[in-house]
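To start, the structure under review is shown below, and the notes come after it.
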Amino acid sequence: MFLAKALLFGRLELLLRCGIKPACHKKTPNHLEAFMSAAPLAESCSNALLEALLPAEAYRQAVDQADLAISITDPKARILFANEAFSRVTGYGVQEIIGQNESVLSNSSTPDPLYQTMWGELAAQRPWSGRLLNRRKNGEVYLAEVSITPVIDANGKTTHFLGMHRDVTELHRLERVVSNQKQLIETVIDAAPVAFALLDPSGRVILDNQEYKKLVTDLRVKEPAHHLLDSLVPIWRQALATHPDDCTFVSRESRVDRQAGRARWLSVTSSRIDIHNDCAGSYFCANGQPGLLLVIADITGLRDEQERTRGAVLQAGLAEEERTAAIREGLSAAIFRLEEPMNVMASAVNLLQRRDPAAADVLQQALSASRDHLEALRQVIPASPQEILVSVNLNEILRDVLEVSTRRLLAAGIVVDWQPVPMLPAMPGRPFQLRMLFKALVDNAIEAMNIKGWKRRELVLSSEVKNGCILISVVDSGPGIPDQWRYKAFEPFFTAKGGSGRHLGTGLSRAQQVVADHGGMIDLEESPSGGCAVLVEFRVDGDPI
Ligand code: FAD
């Protein structure tokens, strides 16, 4: 703008130098008057006076010495003035270029429509800027960033054009190198078999690759990077700005449960990356702000293999525990049932004590012997397994249970609908006991539906998080549980399955014990299909509900 004004101020001088008489020249005794009469810009007198204090010679020298190729043309692009830089860039001497058309600089490879647009803008008295391919006097081609401004007189007529241009060949080369490199990097990143996501200091994903985009559709989450960070470093949003190194880690594994399809296991590495702000205000800041680069590898296949092995071990462990539990409960049931006649015997001893002390004595001895045997029996009851509290994910526990129950479910023709919440927080728990608990519930559901002729056989397992609690529901489409048994069902040795002896009636009481040990609650309800819905609830922090 300063240069444009300067040129306007000094244009009389320049036109004179070029041997052209502007219309106002005869009437203008000095440069100030010429300026005042010709330039509408000079309507502000105080500004004009101030600027007039600078001699026109200063403007001329400024333009001459400016490190930018400047030319002034007539309306047909005939050059009337060119400065030293113009001469340096184009290779034409100032004197030899005067009178030539700007088209002398044109290299035939600039597309015609570009010139048409340029002239269209200039004809509409609007400035134009763009890149043109120019040719120096020595034939060398260079890329010019050109800016042309029409000079309009007081009558609204375009009298001249002011052209400014600079050689941007090197800049263009560097831009191309950068863009080629960017394309190359993007191609390599896109072809990589792992997903990448680059997060800026505010946590926004600013760069990703094809694999990452596949994750978005596959996991059906808006931003898998956030999802994974939430599960691996819950405080990452706060930490990124203040303690970015707390958000960095190597090969942490995260499991994402999907509503449709198998769960996916992802190995995530997060590294800090300093990102420089591109706003003008940060131009002089040498330091960047911390961002994160996430490299996400799908290790589902590997984990599946491990899971299969683990599943086999688990199945053996659960089967062993089931056998032991059956012995434990069988003995407990036997003791429970034996205690009844022994209590009757104890009452009889009391009664006989006065009437027939000898008979009472014999009975007492038999009773004592029985008590000893009962005590011996109690001693051989296998102890319950001792487990310490660890951090457990109930989705994993439920999946384990489904895994070990697959054969039975298939044999009974039961369709399983597994609806896990994608990211379930871990809770303190005893994994073995919890597996036994949910296995007992699934076993009950299978038995409830595995009735001859029963048509609807559906098992819905779901997990959700609500108000700091984890809710698990095991819903079957069996005949359901009568209302009067809703609470009784939790009593030890209660069974609704007849006295075949196969059912001890300890499954739900044991389940309730495990739930209580974890500070949770268990409830039986009628499912929408009329079957039984078992609802289990735990607090995420492990505190009692
Ligand atoms: P030309 O015959 O000059 O014109 C090409 C197209 O532009 C045609 O479609 C024609 O209709 C249209 N056109 C030409 N002159 C006018 C006009 N006066 N009014 C309306 N339309 C017109 N060109 C460069 O290649 N490099 C430069 O650095 C450069 N700097 C310029 C600086 C100034 C101040 C001005 C005014 C023009 C500049 N030009 C520059 C444009 C130049 O004048 C030529 O138009 C261009 O070089 C094409 O030249 P040509 O001989 O190939 O075609």
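Just so you know, all these numbers are worked out from the coordinates, no wet-lab data involved. This one's a predicted model, so the numbers in the text were calculated from it and none came from an experiment. Please note: Cβ atoms are built from the backbone with ideal geometry, for glycine as well, and neighbour counts cover all protein chains shown.
Would you mind checking which residues have amide H under 5 Å from Cys469's amide H? H placed 1.01 Å from N; only 5 or more apart, or other chain.
Amide H neighbours of Cys469, under 5 Å, 5+ apart: Val540.
Across all directions of projection, what mean area in square nanometres is found for the Cα convex hull of the range 304-379?
5.6
Give me Rg/Rg_expected for the range 245-292, where Rg uses Cα atoms only and Rg_expected = 2.2 N^0.38 Å with N residues.
Relative to the rule-of-thumb radius for its length, the range 245-292 sits at 1.79.
Could you give each residue of the range 72-80 its phi-based ³J(HN,Hα) in whole Hz, using Karplus coefficients 6.51, -1.76, 1.60 with θ = phi - 60°, and x for Gly or Pro?
Each residue's phi maps through the Karplus curve to give 10, 10, 7, x, 9, 6, 7, 6, 9 Hz.
How big, in percent, is the set of alpha carbon pairs in the range 247-366 lying more than 22 Å apart?
That fraction is 71 percent.
Amide H neighbours of Asn277 under 5 Å, at least 5 residues apart or on other chains, H built in the peptide plane: list them.
The answer is Gln289.
Could you state the number of Å between the C-alpha centres of the range 281-355 and the range 122-201?
That distance is 69 Å.
Take the range 106-214, drop everything but the C-alpha atoms, weight them equally and run the Debye formula without solvent; then report log10 I(q)/I(0) at 0.15, 0.20, 0.24 Å⁻¹ to two decimals.
-0.80, -1.02, -1.27
Can you give the Kirkwood hydrodynamic radius of the range 205-309 from its Cα pairs, in Å with one decimal?
By the Kirkwood definition, the hydrodynamic radius is 15.3 Å.
Can you give the helix-only mean residue ellipticity at 222 nm for the chain, where every DSSP H stretch with n ≥ 4 adds -39500 (n - 2.57) and the sum goes over all residues, rounded to the nearest 500 deg cm²/dmol?
Calculated from helices alone, the mean residue ellipticity at 222 nm is -14500 deg cm²/dmol.
Any chance you could list the semi-axes, whole Å, largest first, of the equivalent ellipsoid that the Cα gyration tensor gives for the range 390-539, using √(5λ)?
Over the Cα atoms of the range 390-539, the ellipsoid semi-axes are 23, 18, 14 Å.
If you keep only loop residues by DSSP, which chymotrypsin sites (Phe, Trp or Tyr not before Pro) in the range 247-323 have at most 15 other Cβ atoms within 10 Å of their Cβ?
Tyr283, Phe284
If you take the Cα atoms of the range 57-172, find Rg, then find the Kirkwood Rh from the mean of 1/r over all pairs, what is Rg/Rh?
Reported Rg/Rh (Cα atoms, Kirkwood Rh): 0.95.
How big is the range 321-448 along each principal axis, measuring the range of its Cα positions in Å and listing the largest first?
73, 35, 20
What residues have an amide H closer than 5 Å to that of His160, excluding those fewer than 5 places away on the same chain, when H is modeled at 1.01 Å from N in the peptide plane?
Val151
Counting alpha carbon pairs within less than 8 Å and at least 6 residues apart, what relative contact order, in whole percent, applies to the range 57-172?
Reported relative contact order: 25 percent.
Rounded to whole Hz and in sequence order, give me ³J(HN,Hα) for the range 201-208 from the Karplus expression 6.51 cos²θ - 1.76 cosθ + 1.60, θ = phi - 60°, writing x for Gly and Pro.
Each residue of the range 201-208 in turn: x, 8, x, 6, 7, 10, 8, 8 Hz.
What base-10 log of the normalised intensity I(q)/I(0) is obtained for the chain from the Debye formula, alpha carbons as equal point scatterers, at q = 0.08, 0.11, 0.13 Å⁻¹?
Here the Debye-derived log intensity ratios amount to -0.76, -1.05, -1.25.
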